[in-house]
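Okay, so here's the structure we're looking at.
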């Protein structure tokens, strides 16, 4: 990876971060602003998504009608909570009762509202700068491990010749029969 490739990768990563969140969406005549999420909010959303996956797996097995209704309600609740995290961002952490009111309000809305919010938030999930941090780390690692100058080339040639000499020394010696 040369310097031009590294610059291109960093530029693409920064443009993706800048163009992502916050974004505004319109659902049923109402405008919602999907905010940029932090690592802590991203972790909470990830935990909710894992809980949804566990419930989906449980629902695939044989369950009673009562348990199926409980799972459906729990899944709708989790979708509403995820949408509330996307709408509030850090405010969900700093003002917990606002988050509680928001997800309960979203729970009363149609599935279309929570779906559109979660869809916009999922598309902006990389905007929590995790991608940008990873791109910078990869670029630094590539630069630090890149072979620099003739000194490294000479070092490699010496290492190859040393390895060849060791291989020659390890060969069995031929005996001269005279």
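Stretch residue 98-residue 111 to full length: gain in nm at 0.36 nm per residue minus the Cα-Cα span?
So the extension gain works out to 2.6 nm.
Taking the Cβ of each residue in 54, 27 as the centre, tally the other Cβ atoms inside 10 Å and list the residues starting with the fewest.
Taking fewest neighbouring Cβ atoms as first place, the list is 54, 27.
Give the order of 101, 88 when sorted by the count of other beta carbons within 10 angstrom, beginning with the fewest.
Result, fewest neighbours first: 101, 88.
Computed from the coordinates by the stated procedures, all read-outs in this text should not be read as laboratory data. What you see is a predicted model; the values in this text were computed from it and never measured. Don't worry about glycine lacking a Cβ; one is built from the backbone with ideal geometry, like all the others, and counts go over all protein chains shown.
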